[in-house]
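Here's the structure, in structure tokens; my notes come after.
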Amino acid sequence: MGINRNPTEANKGAKTNIQWFPGHMAKARRLLAENLSKVDAVVELLDARAPLSSENPEIDKLLKNKPRVVAANKSDLADPAVTAEYVRIFKERGIRLIPVDSRSGAGTAQVREALFELMAEKLSRKAEKGLQQYTIKTMVVGIPNVGKSTFINRLLGRNKAVTGDRPGVTRGEQWLRVDDRIVLLDTPGLLWPRFDDQRTGFVLSCAGSIKDDVTDRSEIASFLLLYLLDNYKGVLADKYGIDEAAVLEEAADNTVSRLGTVGFRALEEVALKNGCLRKGGVADVDRASAKVLDDLRAGRLGRISLDLPEGFTR
Ligand code: G4P
């Protein structure tokens, strides 16, 4: 990792292009701490397709005891059976996981309700002190591209920003009004993803939360294709016309690395069967890689979850 001399991106809500140098992480951590001190509760967004991989590795430590609602965004793209299983798993951990689709707005009303439930005690304490109209202050946090801005816009609907001169609202800060009891800090809290294992890196790249460049795109696409062959049988045959059994069998002898053999073989097949060709009819794996990743991210491969719970079989 290099030394970061220009950490401004960490505050821009920049999408997938953040390279998380130590300076970016330090800045994101500092900003989060600052903003946390202003809010009563936090809405943490995870990617419903990868609820474990999209969790910030230090989230409990970062949020300390701040009450939080956890939403699994992009649930429209995730496998519903897997999402239901995660709801159960998170419940066991004492966390209510709320599936959300920020594009349609499904689930956002439940997030509001959950915020109220979470704050019920505080609201009644305030009411006892005569503060009937206490406004809950909250903020959204999550890793890049998880859908923070889309979620905020959906939660707000047509409501307007609230600035300045309200009791308890410091001048210069911008709060967005969700309803007459909840305001939201205008800038979402940007969190860094987990970096500690290769699989998580691949999953987050597939999901679009880590930038993929041309050099590693074919590796990411090979990972995806291998994962689909193993866990979502029939998807590649239906979408790209490849013979899944033949790909698996052809590569079966070579056990060096299934990613480089089965995954890459599948990628070549996708290229050959879908017109991604170079001169002389050679498979253009770069084009095929871009295609499968685009198709996944746009939901054209169907509803796919990338983190399967342990022991979960489809
Ligand atoms: P961020 O602030 O966390 O970085 O994420 P942002 O809201 O910018 O969303 C990143 C991408 O994810 C956007 O797509 C957005 O439309 C999409 N997105 C957000 N929430 C959902 C959801 O619940 N379901 C689905 N299917 N997509 C969601 P984009 O391709 O980058 O932009 P655009 O095509 O929407 O303009």
Query raised in the report: Which percent of the accessible area of the chain is formed by carbon and sulfur heavy atoms (probe 1.4 angstrom)?
Result: 49
Query - Accessible area of Lys239 in the full protein assembly, 1.4 Å probe (Å², nearest 10) - result: 80
Query raised in the report: In terms of Cα to Cα distance under 14 Å, which aspartates and glutamates are near enough to Lys27, apart from those fewer than 8 places away along the same chain?
Result: Glu9
**Report entry** Heavy-atom SASA rank of Val141, Val87 (probe 1.4 Å, accessible area, largest first)
**Finding:** Val87, Val141
Report summary line: Contact order relative to length for the chain, counting C-alpha pairs under 8 Å separated by 6 or more residues, stands in percent at 19
Report task. Using only the alpha carbon atoms of the chain, find the Kirkwood hydrodynamic radius as the inverse mean reciprocal pair distance, in angstroms to one decimal. Result -> 21.2
Query raised in the report: Quick one: length gained pulling Leu259 to Arg30 fully straight, 0.36 nm per residue minus the C-alpha distance?
Result: 78.6 nm
Query raised in the report: Tell me, what is the per residue accessible area of the chain in Å², probe radius 1.4 Å?
Result: 50
Query raised in the report: Can you give the calculated 222 nm mean residue ellipticity of the chain, where each DSSP H run of n ≥ 4 adds -39,500 (n - 2.57) and the sum is split over every residue, rounded to the nearest 500 deg cm²/dmol?
Result: -12500 deg cm²/dmol
Query raised in the report: Leaving out ligands, DNA and RNA but keeping every protein chain, what accessible area does Asp295 have, in Å² rounded to the nearest 10, with a 1.4 Å probe?
Result: 10
Query - Inter-label distance for Ser149 and Glu58, nm, one decimal - labels placed 7 Å from Cα along Cα-to-Cβ - result: 2.6
Query - Whichever aspartates and glutamates have a C-alpha closer than 13 Å to that of Lys129, once near sequence neighbours (fewer than 8 apart) are set aside - result: Glu121
**Report entry** Candidate aspartates and glutamates - alpha carbon under 16 Å from Lys64, same-chain residues fewer than 8 apart omitted
**Finding:** Glu34, Asp40, Glu44, Glu55
Report summary line: Shape descriptor, the range 23-186: equivalent ellipsoid semi-axes (Cα gyration tensor, sqrt 5λ, whole Å, largest first) stand at 26, 18, 16
Query raised in the report: Which translational diffusion coefficient, to the nearest whole µm²/s, is obtained for the range 198-297 from the Stokes-Einstein equation, given a Kirkwood hydrodynamic radius over C-alpha pairs, 37 °C and 0.692 mPa s?
Result: 245
Requested in this report: Measure up Lys74/Lys137; Lys233/Lys279; Lys126/Lys148; Lys61/Lys91; Lys38/Lys211 against 28 Å on the Cα-Cα distance and list the ones that go over.
Outcome: Lys233/Lys279; Lys126/Lys148; Lys38/Lys211
Query raised in the report: GluC sites (Glu not before Pro) within the range 17-118: which are DSSP loop residues with at most 14 other Cβ atoms inside 10 Å?
Result: Glu58
Query - Rounded accessible area of Val100 (nearest 10 Å², 1.4 Å probe) - result: 0
Query raised in the report: At a Förster distance of 35 Å, what's the computed FRET efficiency of Glu250 paired with Phe195, Cβ-Cβ distance as r, to 0.05?
Result: 0.55
Query raised in the report: Ordering Met25, Met119 by how much accessible area each has at a 1.4 Å probe, largest first, what is the list?
Result: Met25, Met119
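The values are calculated or read from the model by the stated rules, or taken from the named source; none is laboratory data. From a predicted model like this one, the values you see are computed outputs, not experimental measurements. Positions of Cβ are generated from backbone atoms using ideal geometry, with glycine treated the same way; all protein chains shown enter the neighbour counts. These accessible areas exclude ligands, DNA and RNA; they are computed on the full protein's heavy atoms, side chains included. Shrake-Rupley method; radii C 1.70, N 1.55, O 1.52, S 1.80 Å.
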